[in-house]
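Heads up, the thing below is written out as structure tokens.
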Amino acid sequence: MPVLLLIVGINFIGVGALIPVLPYAVIDTMGMPASVMTLLLASYAFAMFLANPVLGWLSDHYGRRRILFISLGISAVSHLWFAMSGDILTMFAARIISGLASGNVGVIQAMIADRSTEENRAQYMGFFGASIGVGFVAGPALGGLLGGLGGGPSHQIPFLLAAGVSLLALLLTLRLKAPPGSRIIPERGNQPLMQRITTLLRSPLALYAIASLLLNLSFAQVEASFVLVLRDYLDFGIRQTGWLFTYIGVCVVLVQAVLIRPVVAAIGEVGTSKLGIALLLVGQCLTTLAVLGMLPGGAYPLTQTIIATTGICFGYALSTPAISSAVSKIAGKAAVGGSLGTIQGFGSLGQVGGLVLAGPLYDLGGSQYPFGFGAVVTLSLFVILPFLARPATSSDQAGADKSGAG
């Protein structure tokens, strides 16, 4: 498990490295509007959406380590290509291929589910999120500190580093051992892919798919517009942006490595999701008010930003592993790879929609529009949260087994 979590962190360094340099590479250097920048982000997310369920089902059939190894190799090549790119079309092509490779998120989650029990699965899903947070600590910090170095474009050095760490992650997969029973083909393995997705969407997991879509549709507004808020509202440059994203990563690690287990133990996966979504909503509303100049303490914009950002980080970091843990318990071992891949795919679809909308919303009049829209979407999540199926606890399962034995 430690090797697998290390792979996750290394893999996401390449994703995070792009964040602080993208506005300066696309908007300032190339003269493109914000909508082009967010479309570049959306192309990556859309490719991930297409690849997530496919790689999940393939991992159920042909082995998780094999699919992870291949996807990491493709990721390394795509990062290298992006580092060498000097025009917007090449950037799009490289990011699309990188997004296809990053569809391995569901595969990695399934590998964690294979290696954990129902009692500690939420904790390990939290470790998974914390490993992503580590990647987002190192990635934006390195992207901000290394951006613009050398004689090439601002994104070149960060993505040469990203290609290198992807190769390291690929080598680490050779140290992964398959858990007992992992080579057994699922009972429904011969069922066509689309039929299996349809079956899942008719199950109690359907609302989880919708929740994942809405959550990522909302959070995509933050993902696309936060760097623009830092640039416009705080007059931040690449390096200052990198350091603030380092703070974000530290928050994610704190929540998902330390807090997620006791919170889930106390209020369950669905309750944890509710708490996280409430915090996300508060953070989005505070950011919108701050940008509009309607938040008290306007003389201290950095303090306002940190408070709002902390709410957003804690909210998203609580809700995402809780949803993944619930899905893995409800789906069962035979279908966990495909189920998590499909849920992640719907999340990527929401991310695509959010990123496509964020650019035009920002161009409409500033970052208050995408953050305000995100808050409305987050608010809509509260409509479906009460209807989410709750996974059985270990005590529930023990009672059922005892009843069946009797």
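The values are calculated or read from the model by the stated rules, or taken from the named source; none is laboratory data. If you're wondering where the values come from, they're calculated on a predicted model, not measured in any experiment. Using ideal geometry, Cβ is built from the backbone for each residue, glycine included, and neighbour counts are taken over all protein chains shown.
In table form, for the structure just shown:
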read-out: Some residue of region 8-23 being touching a Ser or Thr at 6+ places or on another chain (Cβ under 6 Å), in contact (Cβ under 8 Å) with a residue 40 or more places away in the chain, buried (at least 24 other Cβ atoms within 10 Å of the Cβ) and more than 27 Å from Leu176 (Cβ to Cβ); value: yes
read-out: Qualifying residue in region 169-185 (condition: among the small types (Gly, Ala, Ser) and modelled with pLDDT of 70 or more); value: yes
read-out: Single condition Pro33 does not satisfy, out of (1) under 20 Å from Leu146 (Cα atoms); (2) touching a helix residue (DSSP H, G or I) at 6+ places or on another chain (Cβ under 7 Å); value: (1)
read-out: Looking only at region 247-270, and only at residues there that are surrounded by 21 or more Cβ atoms within 10 Å (Cβ to Cβ) and of a type outside the set (A, V, I, L, M, F, W, C), the one that is nearest to Phe371 (Cα to Cα); value: Gly249
read-out: Qualifying residue in region 20-34 (condition: farther than 24 Å from Ile323 by Cα and touching an Asp or Glu at 6+ places or on another chain (Cβ under 7 Å)); value: yes
read-out: Selection count where residues are modelled with pLDDT of 70 or more and crowded, with 18+ Cβ neighbours inside 10 Å, scope region 137-152; value: 9
read-out: Some residue of region 41-63 being among the acidic types (Asp, Glu) and either under 14 Å from Leu100 (Cβ atoms) or touching a Gly at 6+ places or on another chain (Cβ under 7 Å) (or both); value: yes
read-out: Filtered residues of region 80-109 (kept if touching a Ser or Thr at 6+ places or on another chain (Cβ under 6 Å) and under 23 Å from Leu40 (Cβ atoms)); value: Met91, Phe92, Ala94, Arg95, Ile96, Ile97, Ser98, Ala101, Asn104
read-out: Leu280, sole failed condition from (1) surrounded by fewer than 24 Cβ atoms within 10 Å (Cβ to Cβ); (2) aliphatic (A, V, I, L, M); (3) touching a residue at least 40 places away in the same chain (Cβ under 8 Å); value: (1)
read-out: Flag if Ile277 is touching a Ser or Thr at 6+ places or on another chain (Cβ under 7 Å), assigned to a helix (DSSP H, G or I) and either among the small types (Gly, Ala, Ser) or at pLDDT 90 or above (or both); value: yes
read-out: Of all residues in region 210-235 being crowded, with 21+ Cβ neighbours inside 10 Å, farther than 17 Å from Gly283 by Cα and hydrophobic (A, V, I, L, M, F, W, C), the one that is farthest from the chain's Cα centre (by Cα); value: Ala211
read-out: Pair list, Cβ under 7 Å, 6 or more apart: region 166-179 residue within 19 Å of Ser116 (Cβ to Cβ) and basic (Lys, Arg), other residue part of a loop (DSSP other than H, G, I, E, B) and at pLDDT below 70; value: none
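Table: residues versus (1) of a type in the set (S, T, N, Q); (2) surrounded by 22 or more Cβ atoms within 10 Å (Cβ to Cβ); (3) closer than 18 Å to Ala110 by Cβ; (4) over 15 Å from the mean Cα position of the chain (by Cα).
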residue	(1), (2), (3), (4)
Ser35	yes, no, no, yes
Asn52	yes, yes, yes, no
Ile74	no, no, no, yes
His79	no, yes, no, yes
